[in-house]
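What follows is a single structure, written as structure tokens, with notes after it.
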Amino acid sequence: MNPGTWLRIEGIRFRCIIGVTERERQTPQEIVVDLQVKVDFRKAASSDSIQDTVDYRVLSKRMITAGEASAFRLIEALAAHLCKVIFDEFPRVDALELEVEKPGALSSASSARAVIVASRDST
């Protein structure tokens, strides 16, 4: 593996049912996902073909689809779900760092975030 080859997608936005209280669960809330996936770029760098890498449009759309279809109480559970989707459906991803942010979750802070750092062999 070529160390240090990461594809980063920031600010993936969707709305879903998330929260512990009944009030929170009545209306879909905004979630923001920042994602970094480790991918071997060598083949894509030489071929210049989307077939030899992870298509970041497909990946971001899949995060939105999976997120919008979900209903969790905790952002930690949503983050774990999205991590599983990536490893199950994108075999070129060797590792990832995924951040799930819930803006406005706290009155005393701008947001709350759950972060997962995982590799394919650790899942």
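Coordinate-derived values only; no laboratory data. Being a predicted model, the structure only gives us computed values, none of them experimental. Cβ placement follows ideal geometry from the backbone for every residue including glycine, while neighbour counts extend to all protein chains displayed.
Side notes on the structure shown:
- Selection status of Ala112, under 17 Å from Val20 (Cα atoms), in contact with a Lys or Arg (Cβ under 9 Å, 6 or more places away or on another chain), of a type in the set (Gly, Ala, Ser) and touching a residue at least 12 places away in the same chain (Cβ under 8 Å): yes
- Of the numbered criteria (1) hydroxyl-bearing (Ser, Thr, Tyr); (2) in contact (Cβ under 8 Å) with a residue 60 or more places away in the chain; (3) loosely packed, with under 12 Cβ neighbours inside 10 Å, the one Ser119 fails is (3).
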